[in-house]
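Undergrad: Pasting a structure below so you can have a look.
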Amino acid sequence: MMTIDDLRVGQSGVIDRVGGEGPLRLRFLDMGLIPGTQVTLQKIAPMGDPIQIQVRGYELTIRREDARQITLREERV
């Protein structure tokens, strides 16, 4: 199973499942991280955390720990 944390810079995937519980899961959904949405890894901070993704036309910075909660299906180009 692939998560946002597994992406390489420039690689994309489509959200398959949003994990987390309670307020964390709701926060993901509020940020537009919903199943069927394409995400692309844009940048990784120099120390490896956080990461910047592009989702729905905007850039979002999330912690790697949070990125591991969101599973993807790899987008075929």
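Read-outs throughout are calculated quantities, based only on the coordinates presented, and are distinct from any laboratory measurement. Keep in mind the model is a prediction, meaning the values are calculated, not measured. FYI the Cβ positions are ideal-geometry reconstructions off the backbone, even for glycines, and counts take in every protein chain you see.
Undergrad: Using helices alone, what [θ] at 222 nm do you get for the chain, with -39,500 (n - 2.57) per DSSP H run of 4 or more residues, divided over all residues and rounded to the nearest 500?
TA: -4000 deg cm²/dmol
Undergrad: Show me the GluC sites (Glu not before Pro) within the stretch 19-65 that DSSP assigns to loop and that have at most 13 other Cβ atoms within 10 Å of their Cβ.
TA: Filter output for the stretch 19-65: Glu21.
Undergrad: Could you calculate the FRET efficiency of Met2 with Met47 from 1/(1 + (r/R0)^6), where r is the beta carbon distance between them and R0 is 22 Å, rounded to 0.05?
TA: Efficiency, rounded to the nearest 0.05: 0.45.
Undergrad: If I compute mean projected area of the Cα convex hull in nm² from the structure I just sent, which labelled value in [x] 10.9; [y] 10.1; [z] 4.7 lines up?
TA: [z]
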